[in-house]
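For reference, the structure is listed below as structure tokens.
The values are calculated or read from the model by the stated rules, or taken from the named source; none is laboratory data. Model, not experiment: these values are computed from the prediction. Heads up, the Cβs are rebuilt from the backbone with ideal geometry, glycines too, and the neighbour counts pull from every protein chain shown.
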Amino acid sequence: MKRLESKVDRMIGQIGDKCPHFAGKDGVYDNIGTDWWTTGFLPGILWVMYDMTGKEHYKEAAWHWDEVLEEWFVKPTVELHHDVGFQFLSTAVIKHMVTGDEDGLRRGLEAANFLAARFNPVGSFIRAWNEDKHGWAIIDCMLNISLLFWASRVTGDPRYKHIAVRHADTTLKYAIREDGSVNHIISFDPETGEFIEAFGGQGYSATSAWSRGTAWALHGFANAYRNTGDIRYLSVSKRIAHFFLASLPEDSVPYWDFRVESLDGEPRDSSAAAIAASGLIEIAAAVPSGEARLYAGAAERILLSLTENYGTWDKPEHEAILVGGTGNKPANSFIDGSLIYGDYYYVEAIAKLNGWKNRIY
Ligand code: GLY
């Protein structure tokens, strides 16, 4: 936490008013549009740091982000979609949680209504992305549904939770394989709700195992258990965790896909490691103490490797926390660099190990 404090303090000055997503080897974060799905992660880091330390400068640097994001509800864009969860949980929702701000509450609920409206009732899934992808759902959305669980908690209206549960059940049925590996994209007939097929998406192929997708599923189902107490979600999160842990290379940080033909020259994805570590801490908190050791120990091993082998502590000019992240290998974009969501989930996991009690995901 001490190291993170000085790192994040420097990031505030270096990143300034950029909206960061990816940094290459030069360690300089890009400035992607504020409608891009990753907008929430820098403010998320700042809010977690504020909650952990009480230091005002983190709150000041994070404060405006939910207002910036809200503008996209009335601007022409095709970018707001299922990922309003990622965008508003790490801005409006945590702002309300930590400060009681009423605008944060209103904006979080606005986003929850938008997400709920993407639910396809015959197929029981929240549709992914926009344009013609009416029948697609993706594994990443297991994190976005935390917004719906939160909305039910703060309003007392169970409809949001019902949608989240139905989406989670569909994901469990069609996206999770017997061996604990997962599909990225599952597609349905949007008229009848009938399952059609699974696609590789950001993974190597339709039958491979995209490591970040696996981590989204592990963390997402652990959250779904925390929010519902439904043991099926905990069991599936554990199954996914066992696949994830059994597939790790020696340094506990996965390659971008667990099932590429050959690993020679393939990049790692440190963001998958960070997301999984945070999810493993959730599993550890949910199981009896004798069993918790397995998951907590694995989380600590992963975080230690990220800290020692992928951290930028000795590069003060580097704007990110971690290196070794891979965004979208099949599209040849954002490879072997720094990803703001890798940084966020690393901070989230370290904060949890240091007693952070609030949960947004
Ligand atoms: N949610 C998109 C990704 O993991 O790249």
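Consider segment 318-357. How many of its residues are away from the ligand (no atom under 12 Å from the Cβ), hydrophobic (A, V, I, L, M, F, W, C) and buried (at least 19 other Cβ atoms within 10 Å of the Cβ)?
Looking only at that region, the number is 8.
Which is assigned to a helix (DSSP H, G or I), hydroxyl-bearing (S, T, Y) and in contact with a helix residue (DSSP H, G or I) (Cβ under 6 Å, 6 or more places away or on another chain), of T170, T91? Spell out how you get there, then give the answer.
On the way: T170 fails: in contact with a helix residue (DSSP H, G or I) (Cβ under 6 Å, 6 or more places away or on another chain).
Among T170, T91, only T91 is assigned to a helix (DSSP H, G or I), hydroxyl-bearing (S, T, Y) and in contact with a helix residue (DSSP H, G or I) (Cβ under 6 Å, 6 or more places away or on another chain).
Quick one: in segment 70-108, of everything that is aliphatic (A, V, I, L, M) and farther than 16 Å from N130 by Cβ, which residue is surrounded by the fewest Cβ atoms within 10 Å (Cβ to Cβ)?
V74
So, D179, is that one away from the ligand (no atom under 16 Å from the Cβ) and under 16 Å from A116 (Cβ atoms) or not? Lay out the reasoning, then the answer.
Numbers: away from the ligand (no atom under 16 Å from the Cβ): yes; under 16 Å from A116 (Cβ atoms): no.
No; evaluated as a whole, the condition is false for this residue.
Determine, yes or no, whether K315 is away from the ligand (no atom under 16 Å from the Cβ), touching a residue at least 12 places away in the same chain (Cβ under 8 Å), out of contact with any Phe, Trp or Tyr (no Cβ under 9 Å at 6 or more places or on another chain) and in a helix (DSSP H, G or I).
no
Residue under question is D51, and the condition is that it be in contact with a helix residue (DSSP H, G or I) (Cβ under 9 Å, 6 or more places away or on another chain) and within 20 Å of W129 (Cβ to Cβ); does it hold?
In short, no.
Please work out if D83 is closer than 26 Å to N223 by Cα and either within 16 Å of the ligand (Cβ to nearest atom) or at pLDDT below 95 (or both).
yes
State whether one or more residues within segment 59-67 are of a type outside the set (G, A, S) and within 20 Å of the chain's Cα centre (by Cα).
yes
What number of residues within segment 102-144 satisfy the criterion of being within 15 Å of the ligand (Cβ to nearest atom), of a type in the set (A, V, I, L, M) and out of contact with any Lys or Arg (no Cβ under 8 Å at 6 or more places or on another chain)?
The number of residues fulfilling the criteria is 6.
For segment 345-361, enumerate the residues that are under 16 Å from A296 (Cβ atoms) and aromatic (F, W, Y).
Answer for segment 345-361, where residues must be under 16 Å from A296 (Cβ atoms) and aromatic (F, W, Y): just W356.
For segment 182-222, what are the residues that are over 20 Å from N332 (Cα atoms), away from the ligand (no atom under 15 Å from the Cβ) and not aromatic (F, W, Y)?
Those that are over 20 Å from N332 (Cα atoms), away from the ligand (no atom under 15 Å from the Cβ) and not aromatic (F, W, Y): S187, D189, P190, E191, T192, G193, E194, I196, E197, A198, A222.
Determine whether E250 is of a type outside the set (A, V, I, L, M, F, W, C), away from the ligand (no atom under 16 Å from the Cβ) and over 16 Å from V323 (Cβ atoms). Let's see the steps before the verdict.
Numbers: of a type outside the set (A, V, I, L, M, F, W, C): yes; away from the ligand (no atom under 16 Å from the Cβ): yes; over 16 Å from V323 (Cβ atoms): yes.
It is true that E250 is of a type outside the set (A, V, I, L, M, F, W, C), away from the ligand (no atom under 16 Å from the Cβ) and over 16 Å from V323 (Cβ atoms).
Provide a single number: the residues in segment 286-305 that are farther than 19 Å from R268 by Cα, of a type in the set (G, A, S) and surrounded by 15 or more Cβ atoms within 10 Å (Cβ to Cβ). Let's see the steps before the verdict.
Residues of segment 286-305 farther than 19 Å from R268 by Cα: 286-297.
Then keep just the ones that are of a type in the set (G, A, S); that gives 286, 289-290, 292, 296-297.
Checking the rest, the ones that are also surrounded by 15 or more Cβ atoms within 10 Å (Cβ to Cβ) come to 286, 292, 296.
The total comes to 3.
Quick check on L147: is it within 16 Å of the ligand (Cβ to nearest atom), modelled with pLDDT of 95 or more, in contact with a Phe, Trp or Tyr (Cβ under 9 Å, 6 or more places away or on another chain) and under 22 Å from T214 (Cα atoms)?
The answer is yes for L147.
Test E308 against the criterion of being over 14 Å from V347 (Cβ atoms), surrounded by 14 or more Cβ atoms within 10 Å (Cβ to Cβ) and not polar (S, T, N, Q), and give yes or no.
Judged against the criteria, E308 is not a match.
Can you tell me which residue in segment 134-185 is surrounded by the most Cβ atoms within 10 Å (Cβ to Cβ), limited to those that are more than 15 Å from H82 (Cα to Cα) and among the polar types (S, T, N, Q)?
N183
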